[in-house]
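Undergrad: The following block contains the structure, expressed as structure tokens.
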Amino acid sequence: MTLRLVDGLASLRSRQCYRAVLPALEAARERDGFRVAELSLQSNHLHLIAEADDQAALSRGIQALAIRVAKRLNAALGRRGKVFAERFHMHVLKTVREVVNAVDYVLSNWFRHAGREVSIDDIDRLSSVADRSLVVRPQTWLLRMAWTKAG
């Protein structure tokens, strides 16, 4: 999933914004059938690998996350109004290969945006690799299996 910010907001990767949204991310990592398994903050968007028990749980979970993040960002930036440019973009992952590729993409996205080669030792400090408190252990077979295959 991708949640893209409206134009003109400060970078999510700034210290002020990251500190503001951290509690929102921690609070939304698991709720009522919705779980965030991986995430990363980019300058103008947030990437998530999430699982949900059903479509309703997915909708409620992502909506709750977006509301929490928006409120925290607006408060930190002393502003009001829309934070996300659109509802959200989502692609349902259906195969182990898709999940492995998506997790790699999400966790190494910042390096690619920065034009850097990604090595095995690189860790994006604003991703779930650096802070496991932001995510929960996957419950679905597909995501658990993808990690087995990737490792």
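Undergrad: Name the single residue that is surrounded by the most Cβ atoms within 10 Å (Cβ to Cβ) among those in region 134-151 being modelled with pLDDT of 85 or more and not in a loop (DSSP other than H, G, I, E, B).
TA: Applying the filter and picking the extreme gives Leu143.
Undergrad: Follow-up. Being under 19 Å from Trp141 (Cα atoms) and touching a helix residue (DSSP H, G or I) at 6+ places or on another chain (Cβ under 8 Å) narrows it down to one of Ala28, Ala50, Ala24, Ala20, so name that one.
TA: None of the other options fit; the residue is Ala50.
Undergrad: Have a look at Arg68, Arg80, Arg87 and point out the one that is within 13 Å of Leu3 (Cβ to Cβ), without any contact (Cβ under 8 Å) to a residue 40 or more places away in the chain and of a type in the set (D, E, K, R).
TA: So the residue among Arg68, Arg80, Arg87 that is within 13 Å of Leu3 (Cβ to Cβ), without any contact (Cβ under 8 Å) to a residue 40 or more places away in the chain and of a type in the set (D, E, K, R) is Arg87.
Here is a yes/no grid of residues against (1) part of a strand (DSSP E or B); (2) within 17 Å of Ser127 (Cα to Cα); (3) in contact (Cβ under 8 Å) with a residue 24 or more places away in the chain; (4) within 11 Å of the chain's Cα centre (by Cα):
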site	(1), (2), (3), (4)
Leu3	yes, yes, yes, yes
Asp7	no, no, yes, no
Leu12	no, yes, yes, no
Leu25	no, yes, yes, yes
Ser40	yes, yes, yes, yes
Ser43	no, yes, yes, no
Ser59	no, no, no, no
Gln63	no, no, no, no
Asn74	no, no, no, no
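Undergrad: Within region 92-108, count every residue that is hydroxyl-bearing (Ser, Thr, Tyr), at pLDDT below 85 and more than 15 Å from Leu46 (Cβ to Cβ).
TA: Qualifying residue count, region 92-108: 1.
The values are calculated or read from the model by the stated rules, or taken from the named source; none is laboratory data. Remember, predicted model here, so these are calculated numbers, not experimental data. Note that we place each Cβ from the backbone using ideal geometry, even for glycine, and neighbour counts take in every protein chain shown.
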